[in-house]
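For reference, the structure discussed in these notes is given below.
Just so you know, all these numbers are worked out from the coordinates, no wet-lab data involved. All figures in this text were calculated on a predicted structure; none of them were measured in a lab. Quick reminder, even Gly has a Cβ in these numbers, built from the backbone with ideal geometry, and neighbours come from all protein chains shown.
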Amino acid sequence: MKARYSWYTILFLAFSSMTVLFTNCAGSHPDTIIDPNASSAEVESNMEVVTEFSGKLSASFQYVSTDGKAWGYALDSQNKTKALKVIFYAGGPIGTGTYAGEIVAKESGVGPNAGHYFNFKVPPELANGQYQKLWAYGHEAKPEYLIKPSPVTFVSYNQKAEDYYNQNIAPFVNSQCVRCHTWTYQSLMYGPLLNPLPVSTGTATSNRFMRKMNGQDNHNGGAFCNSANDGACALIQNWWRAEFQ
Ligand code: HEC
């Protein structure tokens, strides 16, 4: 017991010091962990879809991300070797809402529900920067098969100005930031540019990307413009407007 305890201590110390070293430059940015572009086809299993549903639904509708992906898991707890269909309704439950699409919940993942996750891209008309509600059902769209905690309230944003980014922001980011960061259009847009959300208090000048660049927020990599209207910061304002206005 004692020997095992000290091993844990050593491992803990090793990890802690690694964290300290890495925080120095690369930081622990979500951009290096989450890839919103990751293709779901790569992680899907080839499980067959449940045809004879037992009615014993084991499911959870976890959240909808700002890039419009509905996440959760769903399975027939009496038949875990097959996959369950998940059906979505927007604006109201079945009966009053609008059919928003469906997907088979068969993505890998971790834990007891591995192989039964879903990652559903919501229709673009719902990713319009306004609050929306989505209801999810397992196997069939019937009230008794509602996946809790439906409805999930969310705000998602379509990508509108990737061309503007590529022409005006990417050259700056790719020359000034790569030493420490791996920023992409996706990770900046669905990270600091959307923080705080435009539907809340976010503006062209108060977003985190801007604040890190003009020195309003302390930035380990330094400031890159003197004010929100100067150089690259003026371009960041334009990019924000092109995406959200
Ligand atoms: C010398 C290394 C270095 C350079 C160069 C650098 N950064 Fe950073 N950056 C960091 C570190 C470390 C952090 C985390 C601590 C902090 O916020 O200062 C950070 C944080 C950030 C954040 C906040 C992250 C978040 O999750 O909200 C943004 C945005 C950012 N950097 C953008 C940039 C951009 C854009 C560039 C290039 C124009 C750049 N940085 C250049 C080191 C750097």
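List of remarks:
- Placing a pseudo-label 7 Å from each Cα along the Cα-to-Cβ vector at residue 62 and residue 229 gives an inter-label distance of 4.5 nm.
- Cβ crowding within 10 Å, taken as a proxy for footprinting-reagent exposure, orders 61, 118, 209 from fewest neighbours to most as 209, 61, 118.
- Between residue 205 and residue 140, the contour length at 0.36 nm per residue exceeds the Cα-Cα span by 18.8 nm.
- Computed log₁₀ I(q)/I(0) - Debye formula, equal Cα scatterers, no solvent, the range 169-223, q 0.19, 0.25 Å⁻¹: -0.66, -1.08
- Vicinal HN-Hα couplings computed from phi for the range 98-115 (Karplus, 6.51 cos²θ - 1.76 cosθ + 1.60; Hz; Gly/Pro x): 10, 4, 10, x, 8, 7, 8, 7, 9, 8, 5, x, 10, x, x, 9, 3, x
- Under 30 Å from the Cα of residue 80 - lysines, other chains or at least 8 residues apart: 56, 69, 106, 121, 133, 142, 148
- Which of 235, 84, 126 has the fewest Cβ neighbours within 10 Å, and the rest in rising order: 235, 126, 84
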